[in-house]
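Peer 1: Below you'll find the structure I mean.
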Amino acid sequence: MIRRSFLWLLSAASLTAVMCVAARHDSALAQSKPGVLRVAMTAGDIPLTTGQPSQGGEGIRFIGITLYDGLTRWDLSKSDKAAEVIPDLAESWTVNPGDQKIWTFKLRKGVKFHDGSEFNADAVVWNLDKLMNKETPQFDQAQANQAASYSAPIASWRKIDDWTVEITTKRVDAVLPYNLANLFMSSPKRWEDLGRDWSKVAEKPSGTGPWMLESFKPRERAELVRNPDHWDKTRITKSERLILLPMPDPNTRVAALLSGQVDWIEAPPPDAVPRLKQQKMQIVTNLYPHIWPYQLSFLDDSPFKDIRVRKAANLAIDRDGLVKMLGGLAVPAKGMVNETHPWFGKPTFEIKYDPEQAKKLLKEAGYGPEKPAKVKIVISPSGSGQMQPLPMNEFIKENFADVGIDMEFEVLDWEALRTRRRLGAEAPENKGRHGVNNSWGYWDPDIGLIAAAGSFARVPVGFNWGDYKNEKADALALKAKATFDPVEQAKILGELHSVIVDDAMWVWMVHDLNPRAMRPNVKGFVQAQSWFQDLTPVVVE
Amino acid sequence: MSQTSIAVAGLGAPLKGKRPVTRSFWQNVFRRLTRDPVTMICLAILVLIIIAAVFAPLIAPHDPYRTSMARRLIAPGDARYWLGTDELGRDLLSRLIYGGRLSLFTGFTPVLLATVIGGTLGIIAGYLGGAINMAIMRVIDIFYAFPSVLLAVAISGVLGAGIGNTILSLTLVFIPPVARVAESVATQIRAQDFVEAARATGAANWRIVSSHVVPNVTGPILSYASSLISVSIVLASGLSFLGLGITPPEPEWGLMLNTLRQSIYVAPLNAVMPGVMIFITSMCFNLMSDGLRSAMDVKQ
Amino acid sequence: MFVYALRRILYTIPIAIGVSLVCFALIHLAPGDPLSSVIPEGASAEMIAQIRTAYGFDRPLPVQYLKWLGHVVTGDFGTSIMTRRPVLAEVLPAVLNTLTLASAAVLFGFALGCLFGVISGYVAGTPTDRSVAAFSITGVSIPHYWLGMVLIVIFAVNLNVLPATGMGEGGSGSFGFNWDSLQYLILPALTLSVIPAGIIARAVRGTVAEVRKQDFMQTLYAKGLPGRRVFVHVVKNALPAVLAVMGLQLAQLLGGSILVETVFAWPGTGFLLNNAIFTRDLPMLQGTILVLAMFFVLINLLVDILQTAVDPRIKRA
C-alpha cells in the first residue's frame, strides 16, 4: 500500500516537472509585446477614473495626465531642470491689473473629448461646477475631495464667450496656474449620455488626454489605448497600449519585473537594485521636489522650541550613511528644496553631518549625555513618498542617540499619520508628540514653502503643523503670494527658504531620487524633475 | 498555520477517563514525556531559545540596536558577525536572540490569557448550565463564527499596530475555542456521579469546581492550549509582517522578516533567517504539544 | 436528521445577526475618524461636517447599525470611501478569486495530507510514523507567507518557470481552466496548501489509526481479508471526518489567505482587506469581513449537515 502511495507521489512529481517545462515554454509568451507598455504602480488600487484621480501623486501621474488635460500642465519633457507649468487647454492668460484676483483664460480651439464632443468655455464652467458648486447636478463629492487642495484658492468662475473663461481667486494668488495643472476636464457629454451617473462614467470616462481608458478592473488592472486624435500632434503616444497594474508590495513588483510580467516598475526597493542591474534592467532616477523630513512642533513642551536643539538635530544625521543604506537612490538634503532649485536662496546655516557641533549646541541648550533631550516622533511603516521609513527612522534614532537626543517613535499606519498631520501639533491626539515624519513635496510655492512656514497657514487651512511663527518668514510668504513675475517670485521664495533653513524650521534628511526600473527594451522615457511623468514618448521595442 | 488547529484540535480533545483525575495521572504523563526523545529534544531547543531570550543582554555578542552602514548585509559565516548583519548593519545573531523576547512573549501571552479567560468562561458555562451557559456560549459562538486569521487581522487592522493590540486581538481569537473545550469537558463532569454525590452532600459550588471540575478540565485545556502556542507565534509574526504587529525598532522575528525581505535578492540567507527561527520555534512547540497529547492519552 | 438540519439552520440566524453586530462594532472601535481618508488637505470645518453628513456618520450608533443592517439585508453593503464603488460589487468577484485559490490549496492539501496521513496512520507508533508526523507538522509550523517569498525567488525569478504575481495576462476576468491561467495558480496555491496539508495529514493519521484499532477491523483481520480490502474499509470509515476537515479548512482559508494574497498580489479578499486596512476604507473593511464571515458560517453549516447525513453514527443534540 505504501509502495503504491509512493508511486503516486512519484507520478505527481514528474507531472509537476512536465508542467514546469511547459511553463518555461509559455513564459516566453508572457514577455513584453512591442507597443504595449505594462507598468506596476505602488498604489493598491486603480485611481479614480472620472476626472480627479485618487491615490495622490501616483494617481495624477497614471490616470490624471494620461486621460485628461487641465487648463495648464507641467512641462515634463526635460530632465535637467525643475518642471515648470506651461499652457495646455488654456493657450494664454492675463491677470487684471486693476484687481489682481481676476484672471482671464483664452482657451485652445479645436480640442475634442474622447467621445467626440467639443471642449469649450461651457465645458470649463461645467467642470469647475462639478468640483465646487453643490447646486449643480454634476457636482461629485468624490472628485471634489480629491480636488480640494487645488481648487481651494478659487472663489468664482464664469464664461465670457465660447473661448474665454474668467476665474476669480479668494485673495491675490500668483500660485493659481500651478493649481490648475491638477484640475482635470472631463466630458459633460459622456456624463449626460450615461444617465448622469458618475459611477458609470468611471467605467467609460472621457477626457481630452493622450490616452483613452479601454477597460479597468478594480485593484487589478487598467488598460489605456492611444488617442489618435489628440490635439497636440507631438504628444500622440508612441505605445499603442498602456496597462497599469497596482502592486503595493515592493518585492512583488521586483519579482514581476524580473519574471517578465511587467516592463516598468515604480519605486524598486534599493536592495533589489544590484540584482535588477545584473539582469540588465534600466534604473532611472532624477531629482524631484521631494523631501523626507521631521516636521517639528514649536509648542511649549517640545524640546524643538529651542533653535539649538533643532540645529543639533539637523547636524546629528549622517546623511551620507542614509544615502548609502538607500543604495544611492537619494541625495542628502541641505534644506527644504534641493540645492540646484531656483528657490534654494542663500541660507547661512549649512546642514551637514557634524556630531561634535551638535553635542556642543545641545550642551548649551542644557542637555547632555546624562540628560538627553527626549523627543517623540510620529512615523509610519509605509506610504507614498515615505521611502523606507522603518529602517531610515531606526538609523536616525541611532544618530540622535550618539549626540544626546533620545528619540521615541509612535508608529501609525499611513492614513492615520496623515490625519495626525492634518490635526496639527496642538490637537489632543498629538499631545507629547514633537514631530511628524510626513514626506513632503514642493512642486508649488504654496505647499513647499508659503503654507508650510506662514503662521497664517496653520493646519488644516495651510500646512503649518507645529505652529511655527517667524515674522520675517510671514512677510516674505505673503509677498511671494502676491508677486506675479516668476523670476521675482522665485527670488522672494529663495529668501523665504533661507530664513527657514537658518531657523532650522524642520529636520531635513534626504531628497528621494524617484527610482523606477524598466526592462532594457523600454525606450524613449525622459524622467522629469517632477512627481508626474510623461508616458507619451515611451515605447517597448 | 494559524487558523489551522483551532478548528480541529479544539473539538478533538474529548474527556479522557471518567474518574476524577488523580495525582498519579500527572505523574504518569510526566514520566511518559521524559521518556519521549522527540519531546525532550524539542524541550531542550526551546529552553535554549528561551534562556537566550531572557539573558539576551549577557549572551548576545553585539548591541542589537547598533547600526552601521559600513557593515550592512554581511553574509552569514563572518568571523565577527556569525549570522551576518541586517539592512542597517546590526548583528543578526544578536537581533535574533533579542527578537525571541518579543516573539515568544506575543506567542505565549495571548494563549495564557485566552486559557485563563476562556477556561473560566467555559467552566462557568459548563458547570452552571442553563441560561448562563446559553448566554456565554452563544456570544462565544459568534466570535467562533469568524475565520481566525480574519478576526486577528480585522481587530489589529482596526485598532492599529502595537504589542498591546496584537496581544488583544490574538487573545480574542483564542478565547472561543478554549472556552468550547472547557465547556464541553465541564458539562460532562457536571453529569458525573461523583459530582452529583458531592452536590447531594451539600458541598459549595466553588468547592466542587475547585476540587473536581478544575483538575479534570486542566488536562484537555492544557493539551489544547499547548497546540495554540505555535499558532500564536506564527500568527503574531504574520501580523508584524503585514505591518500590523510589533512596531520598530524592537527586534521581533516577524518584523525582521518584513524589513529584511527587500534584501532577499542581494542577501537571501540573511533575509530568510528570521523565518527559520519562527519555523523552528513553532515546530518545537507543535511537536511538544503532540507529545503531551499522546502522553495524556490514557488509551495508549 | 431533517429536524437536526432545520434546527441547525435556524440556529445560524442569531449567529449571523451577532456576526453582523461584531462587524459593525469593529469599525466604530477604530481610533481616528473613518472620514480621515476622504477629507482633503486643508478642508474647512464646514466641509468636514458636510462630508460627514453625506456619508451618514453623524447619526447615533444604534440608528447607524439598524440602517446599515437594513441595507445589508437588501444586498446594499454601502460604498467604498476610497473608490466610491459599491462594496458588494467589489467583494463578490474578490471572494470568487479567493475561493479559486482556497479550493486549489485545499485540493493540493488533500492530496499531500492524505498521502502522508495514510502512511503514518497505517504504521502508527513506528519511527516512520514519527518522521512523517514531523513532516506534516512542518505544514502547520511554517510561516507560509515566508514560504511564498522563497518560492517566488526560486521558481519565478531564478528558474523563471512560473509567474510571480497576479492571475494572468488578462487578469481575473479572463481566468479559465487552461494552462495560461492555471500556471498563475500554482505557486500561491502550493504556498497556501501547506496548512491544510498538515492538518489533513494529522486528521487522516488520527482517523486511520483509530479505525484500525476498532473492533471490526480486528475482526476483518481475523477473517483473513487481504490488505487491500482492509484498506478500503479504513478509507471508507475515515472519509467523512476527513471531508469535514477539508470543508472547515476551505472555510478557514477563505479568511486566512490575506498574507499569501499580499505576497502574490492575488486579487482576492485578502488583497482587498489589506488595501482597505491601509487606506482606512472602513465600509470596505466592514463589508469584506462580513461577507467572509457569512461564507464561513455557511460552509460550517453545510459541512455539519452533510457530515450528519453521510455519517449517521454522529448523533447530535
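Peer 1: Can you give the accessible area per residue of region C:93-316, in Å², using a 1.4 Å probe?
Peer 2: Result: 34 Å² of accessible area for each residue.
Peer 1: Per residue, how much accessible area does region A:398-503 show when a 1.4 Å probe rolls over the protein heavy atoms, in square angstrom?
Peer 2: 35
Peer 1: Using a Gaussian network model of chain B whose springs link C-alpha atoms within less than 10 Å, name the residue from B:P57, B:P249, B:P274 with the highest mean-square fluctuation.
Peer 2: B:P249
Peer 1: Taking a 1.4 Å probe, which of B:I163, A:I377 shows the most accessible area, and what order do the others take after it?
Peer 2: Sorted descending by solvent-accessible area, the residues read B:I163, A:I377.
Peer 1: Efficiency by 1/(1 + (r/R0)^6): what FRET value for C:S103 and C:E46, r their Cβ-Cβ distance, R0 = 45 Å, to the nearest 0.05?
Peer 2: E(calc), rounded to 0.05, equals 0.30.
Peer 1: Over the protein assembly as shown, what is the percentage of antiparallel beta bridges among all DSSP beta bridges, to the nearest 5? Intermediate values should be presented prior to the final figure.
Peer 2: Details: 50 of 69 bridges.
Just about 70 percent of them are antiparallel.
Peer 1: Under a straight-distance cross-link criterion of Cα-Cα below 17 Å, which lysines are reachable from A:K469, leaving out those fewer than 8 residues away in the same chain?
Peer 2: List returned: A:K305, A:K311, A:K479.
Peer 1: Dipole of chain B, Cα-centred, from +1 at each Lys and Arg C-beta and -1 at each Asp and Glu C-beta, to the nearest 20 debye?
Peer 2: 660
Peer 1: Roughly speaking, what is the centre-to-centre gap between region A:428-476 and region B:197-241 when only Cα atoms are used, to the nearest Å?
Peer 2: First find each Cα centre; the distance between them is then 56 Å.
Peer 1: Accessible surface of A:K81 in the full protein assembly, 1.4 angstrom probe, to the nearest 10 Å²?
Peer 2: Its heavy atoms expose roughly 90 Å² to the probe.
Peer 1: So, one more: What order do A:D80, A:D162, A:D474 take when sorted by accessible area (1.4 Å probe), most exposed first?
Peer 2: A:D80, A:D162, A:D474
Peer 1: In a Debye calculation with equal point scatterers on the alpha-carbon sites of region A:221-284 and no solvent, what is log10 I(q)/I(0) at q = 0.17, 0.23, 0.27 Å⁻¹?
Peer 2: -0.69, -0.94, -1.12
Peer 1: How big is D, in µm² s⁻¹, for chain A by Stokes-Einstein at 20 °C and 1.002 mPa s if Rh is the Kirkwood radius over C-alpha pairs?
Peer 2: Stokes-Einstein gives a translational diffusion coefficient of 86 µm²/s.
Peer 1: Near the amide H of A:E214, under 5 Å away, which other amide H atoms are found, from residues 5 or more places off or on another chain, if H is placed in the peptide plane?
Peer 2: Excluding prolines and chain starts, which carry no amide H, the hits are A:E223, A:L224, A:V225.
Peer 1: May I ask you to derive the relative contact order of chain A, considering only C-alpha pairs under 8 Å and at least 6 residues apart, and to give it as an integer percent? Can you show the working numbers first?
Peer 2: On the way: 1159 pairs, mean separation 110.6, N = 541.
For chain A, the relative contact order is 20 percent.
Peer 1: Per residue of region A:123-128, in order, report the coupling 6.51 cos²θ - 1.76 cosθ + 1.60 (Karplus, θ = phi - 60°) as ³J(HN,Hα) in whole Hz, putting x for Gly and Pro.
Peer 2: After applying 6.51 cos²θ - 1.76 cosθ + 1.60, I find 5, 5, 4, 4, 6, 5 Hz.
Peer 1: Quick one: pull the percent of accessible area on region A:69-190 belonging to carbon and sulfur, 1.4 Å probe, ligands and nucleic acids left out.
Peer 2: That share works out to 46 percent.
Peer 1: Pairing the Cα long axis of helix B:37-54 with the longest principal axis of chain B, what angle in degrees results, from 0 to 90 and rounded to the nearest 10?
Peer 2: 60
Peer 1: Sticking with this structure for a sec: Report the convex hull volume per residue for region A:471-527, counting only C-alpha atoms, in Å³.
Peer 2: For region A:471-527, the hull spanned by Cα atoms encloses 121 Å³ per residue.
Peer 1: What number, in nm² with one decimal, is the all-direction average of the projected area of the convex hull of the alpha-carbon atoms of region B:172-300?
Peer 2: Across all orientations, region B:172-300 yields a mean hull projection of 10.8 nm².
Peer 1: Pop the C-beta distance of B:S210 and A:D485 into the FRET formula with R0 = 60 Å and round what comes out to the nearest 0.05.
Peer 2: Efficiency, rounded to the nearest 0.05: 0.10.
Peer 1: Just tell me which aspartates and glutamates come within less than 12 Å, Cα to Cα, of C:K67; anything on the same chain fewer than 8 places away is out.
Peer 2: C:D76
Peer 1: Now a separate question. Quick one: grab Rg to one decimal and Dmax as a whole number for region A:25-140, Cα atoms only, in Å.
Peer 2: Answer for region A:25-140, Rg first and Dmax second: 18.6, 72 Å.
Peer 1: Could you tell me the relative contact order of chain B? Use alpha-carbon pairs under 8 Å, at least six residues apart, and round to a whole percent.
Peer 2: Relative contact order comes out at 27 percent.
Peer 1: Take the residue pairs A:K200/A:K238; A:K134/A:K431; A:K112/A:K238; A:K334/A:K397 and return only those whose Cα atoms are more than 31 Å apart. Mind showing how you got there, number by number?
Peer 2: Numbers: A:K200/A:K238 29 Å; A:K134/A:K431 36 Å; A:K112/A:K238 20 Å; A:K334/A:K397 20 Å.
Checking Cα-Cα distances, A:K134/A:K431 exceed 31 Å.
Peer 1: Let me ask something else. With r as the distance between the Cβ atoms of B:T201 and C:A222 and R0 = 60 Å, compute the FRET efficiency 1/(1 + (r/R0)^6) and round to 0.05.
Peer 2: Working: r = 48 Å, r/R0 = 0.81.
In this case the efficiency is close to 0.80.
Peer 1: Over the Cα atoms, compute the radius of gyration (one decimal) and Dmax (the largest Cα-Cα distance, rounded to a whole number) for region A:290-512, in Å.
Peer 2: Rg and Dmax of region A:290-512, Cα atoms, are 16.3, 53 Å.
Peer 1: Interface A/B, total buried accessible area with a 1.4 Å probe, nearest 100 Å²?
Peer 2: Numbers: alone 23360 and 14490 Å², together 35720 Å².
Approximately 2100 Å², summed over both chains.
Peer 1: Averaging sequence separations of C-alpha pairs under 8 Å and six or more residues apart, then dividing by the length of region C:93-316, give the relative contact order as a whole percent.
Peer 2: Here the relative contact order equals 29 percent.
Peer 1: Another one. Grab the Cα-Cα distance for A:Q278 and A:K472, subtract it from 0.36 nm times how many residues apart they are, and report the gain in nm with one decimal.
Peer 2: 64.7 nm
Peer 1: If I take all pairs of Cα atoms in chain B, what percentage of them are more than 34 Å from each other? Can you show the working numbers first?
Peer 2: Working: 13660 of 44850 pairs.
The share of Cα pairs beyond 34 Å in chain B comes to 30 percent.
Peer 1: Can you compute the charge dipole magnitude of the protein assembly as shown about its Cα centre, using +1 on each Lys and Arg Cβ and -1 on each Asp and Glu Cβ, nothing else charged? Give it in debye, rounded to the nearest 20.
Peer 2: Around 4060 debye, computed over the protein assembly as shown.
Peer 1: Which percent of Cα pairs goes in each bin when the distances of region C:93-316 are cut into 5 angstrom slices starting at zero?
Peer 2: Binned Cα distances yield the sequence 1, 7, 13, 15, 16, 15, 12, 9, 6, 4, 2, 1, 0, 0.
Peer 1: Same structure again: Of the candidates B:T187, B:T34, B:T171, which one comes out as most mobile in a Gaussian network treatment of chain B with C-alpha springs shorter than 10 Å?
Peer 2: B:T34
Peer 1: Another question, if that's okay. Select from B:F55, B:F241, B:F285 the residue whose mean-square fluctuation is largest in a Gaussian network model of chain B (Cα-Cα springs shorter than 10 Å).
Peer 2: The residue that fluctuates most here is B:F55.
Peer 1: Based solely on C-alpha atoms, express the radius of gyration and the Dmax of region C:242-292 in angstrom.
Peer 2: Calculated on Cα positions, Rg and Dmax stand at 12.1, 40 Å.
Peer 1: Still on this structure: Per the Debye formula with a single identical scatterer at each Cα and no solvent contribution, what log10 I(q)/I(0) holds for the protein assembly as shown at q = 0.06, 0.08 Å⁻¹?
Peer 2: Taken in order of the listed q values, log10 I(q)/I(0) reads -0.52, -0.91.
Peer 1: At 1.4 Å probe size, with no ligands or nucleic acids counted, give the accessible surface of A:W157 in Å², nearest ten.
Peer 2: 50
Peer 1: Could you give the semi-axes, largest first, of the ellipsoid that matches region C:121-223, computed as the square roots of 5 times the alpha carbon gyration tensor eigenvalues and rounded to whole Å?
Peer 2: Three semi-axes, in Å: 39, 17, 10.
Peer 1: To continue, here is another question. Pull up all non-local amide H partners of A:D69: gap of 5 or more, or a different chain, and H-to-H distance under 5 Å with H placed in the peptide plane.
Peer 2: When sequence neighbours closer than 5 places are left aside, the close amide H contacts are A:M185, A:T208, A:G209.
Peer 1: With charges set only on the Cβ (+1 for Lys and Arg, -1 for Asp and Glu), what does the dipole of region A:69-190 come to about its Cα centre, in debye to the nearest 20?
Peer 2: For this selection, approximately 100 debye.
Peer 1: In terms of modelled amide H atoms, which long-range or inter-chain residues lie less than 5 Å from the amide H of A:W157?
Peer 2: Hits under the 5 Å cutoff: A:T168.
Peer 1: Treating each Cα of region A:138-247 as an identical point scatterer and ignoring solvent, apply the Debye formula and state log10 I(q)/I(0) at q = 0.15, 0.22, 0.24 Å⁻¹.
Peer 2: Here log10 of I(q) over I(0) equals -0.89, -1.34, -1.36.
Peer 1: I would also like to ask the following. Can you give the accessible area per residue of region A:99-209, in Å², using a 1.4 Å probe?
Peer 2: On a per-residue basis, 38 Å².
Peer 1: Another one. Can you list, largest first and rounded to whole Å, the semi-axes you get for region A:69-190 by taking the square root of 5 times each eigenvalue of its Cα gyration tensor?
Peer 2: On the way: eigenvalues 84, 67, 50 Å².
The equivalent ellipsoid of region A:69-190 has semi-axes of 21, 18, 16 Å.
The values are calculated or read from the model by the stated rules, or taken from the named source; none is laboratory data. None of these values were measured; they are calculated from a predicted model. Glycine also receives a Cβ, built like all others from the backbone with ideal geometry; neighbour counts cover every protein chain displayed. Quick note on the areas: whole protein, heavy atoms, side chains included, nothing else; ligands and nucleic acids left out. Shrake-Rupley method; radii C 1.70, N 1.55, O 1.52, S 1.80 Å.
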